[in-house]
Amino acid sequence: MTGLIVWIGFFVPQTAFYLLFPAYSLLFVLYVWVAMGEQGARHTDLFVGLAIFLRLVLWFAFPNLSDDVYRFIWDGRLLLAGYNPFDYLPRQLMEEPPEGFVPDQALFQALNSKDYFTVYPPMAQAVFALATWVFPDSWYGSAWLMKLPLVFCDIGNVLLIRYLLIKSNKPASLVLWYALNPLILLEISGNLHFEGLMLFFFLLAWILLLRRKNGLAMLVYAFSVAAKLLTLLYVPLMLRRWEKGRRLFYPFLLTLLLALLFLPFFNATFGANLFQSLDLYFRRFEFNASFYYLFRELGFWWSGYNKIALIGPSLSGLFVFLLAIQVWREREPEWQNWMTAVSVTHSLYLLGSTTIHPWYLSFLIAGVPFTGFRYAVVWSYLSYLSYHTYSHPDFSEHPGFLWLEYGITLPLMGYEWYRHFKSRAGSVISR
């Protein structure tokens with residue numbers, strides 16, 4: 001397993017799908033063999049140690065399956081020059097650089113978001129700034145230092161999940177479904193995605209909520225949102241879990257804490273620029289989607305052109321509607337079953353998205369030890385078929401791979417949801 005992690009993490013480029021996917025497949029077989037087998041149950045601590053070691057190994061790999069790192073460095077350098085990264089488009093800076101900012105043509109060409117305002121919130125921006133301050137002229141050095149909090153927070157995720165399992169009287173060995181998952185290893189510790197930081201604060205907040213330390217939990221949860229905005233989606237699921245007199249107080253407290261965290265970046269254009277980038281995400285970006293592609297084809301058939309500008313926001317509106325129904329209809333909402341509700345919510349969000357990168361599945365994988373939703377494990381394997389797109393100069397997606405990914409994942413998801421809601425309780429993966 002270590003050899004395969006080193007091979008993929010250090011030597012396989014994003015465009016080498018026919019090297020990447022076979023190696024990933026073999027790695028995945030080993031992962032499932034350990035997580036489901038008796039050896040995982042008997043030697044849990046040994047395999048947790050292996051999981052920690054693999055994260056430390058990947059700390060030294062420059063991200064080779066994602067180019068987001070270049071935007072991280074760009075934002076960090078802009079902050080160090082004294083400018084708000086939410087105020088400037090990269091192309092604008094190249095054409096009219098402000099005083100004190102020295103444009104880097106090579107870095108600019110490596111960006112995948114030349115014409116979009118940044119969407120990375122304050123915790124991430126702080127990491128960008130620190131890394132580029134310590135390594136102002138080294139891409140590798142900046143990436144290496146940015147990985148420091150991600151690697152150690154993801155090690156923390158493993159330990160927190162194990163702690164939660166023990167406290168809920170579930171087998172500690174279930175942590176291996178997260179700890180050794182190849183997607184988690186490669187995308188967080190390997191490719192520098194901030195889901196690891198976001199998830200750490202989410203899990204820590206969950207522990208505090210279980211202990212009824214709600215005020216402190218909101219502070220920690222604010223850090224999760226400030227690492228990546230995605231955890232805002234789960235706030236509605238909190239409402240029915242608090243006593244009636246506090247259902248408005250704690251969301252207000254969370255809002256106040258987030259306002260303080262975002263305050264250094266706030267100005268007259270902050271909200272408009274951030275909303276513009278988020279709006280473009282739903283109206284212009286499309287990658288590895290599920291139901292969106294079905295509606296897109298219907299739109300082509302009906303009108304003759306791509307109606308993403310209508311379909312994307314419409315699917316987002318549908319998600320909000322389904323989330324409201326989930327909150328309203330949820331039976332016996334308790335903090336103990338919060339991860340099950342979060343996993344369903346996150347899945348609904350992904351099903352309505354126009355873009356699904358593999359690392360977007362991190363929350364679902366973290367939920368597997370508590371929910372028993374095996375579709376998340378299957379999806380984490382099949383999602384790597386999406387890397388085939390990068391092997392083509394025109395970045396065209398393979399329809400057969402999309403049918404394979406969702407033709408297996410969606411029926412399994414539907415079956416497990418039916419079984420869960422019929423029994424009114426989540427199940428645990430059986431050995």
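Highest mean first, how do 68-78, 104-114 rank when packing is the count of other Cβ atoms within 10 Å averaged over residues?
In decreasing order of mean packing, 68-78, 104-114 become 68-78, 104-114.
Ranking request for peptides 338-346, 138-146: highest mean number of other beta-carbon atoms within 10 Å first, then the rest in descending order.
338-346, 138-146
Highest mean first, what order results for 156-167, 14-25 on Cβ atoms within 10 Å?
156-167, 14-25
Radius of gyration and Dmax for the chain's Cα atoms, expressed in Å?
21.2, 63
Compare 59, 379, 133 in a GNM of the chain, Cα atoms joined below 10 Å, and give the one with the largest fluctuation.
Highest fluctuation of the listed residues: 133.
Sorting 243, 195 on the 10 Å Cβ count, fewest up front, what's the list? Spell out each step's value before the answer.
Details: 243 8, 195 25.
Result, fewest neighbours first: 243, 195.
With label points built 7 Å along Cα→Cβ from the Cα atoms of residue 170 and residue 396, find their separation and express it in nm.
4.4
Here, each number is a calculation from the coordinates, and none is a lab measurement. Quick caveat: nothing in here was measured; it's all calculated off a predicted structure. Neighbour counts are summed over all protein chains in view; Cβ atoms, including those assigned to glycine, are modelled from backbone coordinates with ideal geometry.
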